[in-house]
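To start, the structure under review is shown below, and the notes come after it.
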C-alpha cells in the first residue's frame, strides 16, 4: 500500500502541484508571502481520490506557516461545528457526518482570517438551524398525523 507521502512523490502530483503554484503566481493565497516554503493545500479530500485527482479549484498555494495554521484550525473548526449543530438539535448521527464534510471548507471561509471565518460560520449555522428546525417541525407533524408520539410532543 502506498503511503500519502509516497503519493506526493508521484509525477502526476508533482505536475498538478506545479500547475497550482503557477496559477497562484508562486504566492501564499492566505497571507501573500513569497519568501518561505510554499505548499499546495487541499481544501477538501474525497474518499478514494488520489491527491492529483482533486479539482484545481479545491487546491491553494499557502506558505508553510499558513499551512500549519490551517491544520491547527481544522480540529477547532470541527469541534465548534459539532457543538453548534448539536445545539440546534441536529440528530447526533448526522452531526458528525455533516461536521466532517463541512470542516474541509473551513479554510475557504477563513482565507481572510479567523474572525471572518467565524462570521461566515455563524451565518451558516443560523441558516442551517432554520432549515433543521423547519425539517424537524415537518417530521414531527408527519409523525403526529400518523399517531406516532415524538420526543417534543407534550
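What follows is calculated from the coordinates using simple rules that are stated; it is not laboratory data. All figures in this text were calculated on a predicted structure; none of them were measured in a lab. As a convention, Cβ positions derive from the backbone with ideal geometry for all residues, glycine included, and neighbour counts pool all protein chains shown.
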I need 71, 146, 42 ordered by Cβ neighbour count within 10 Å, fewest first. 146, 71, 42
If the chain between residue 139 and residue 12 were fully stretched, how many nm would it gain, using 0.36 nm times the residue separation less the Cα-Cα distance? 40.9 nm
What ranking do 4, 70 get, fewest neighbouring Cβ atoms within 10 angstrom at the top? 4, 70
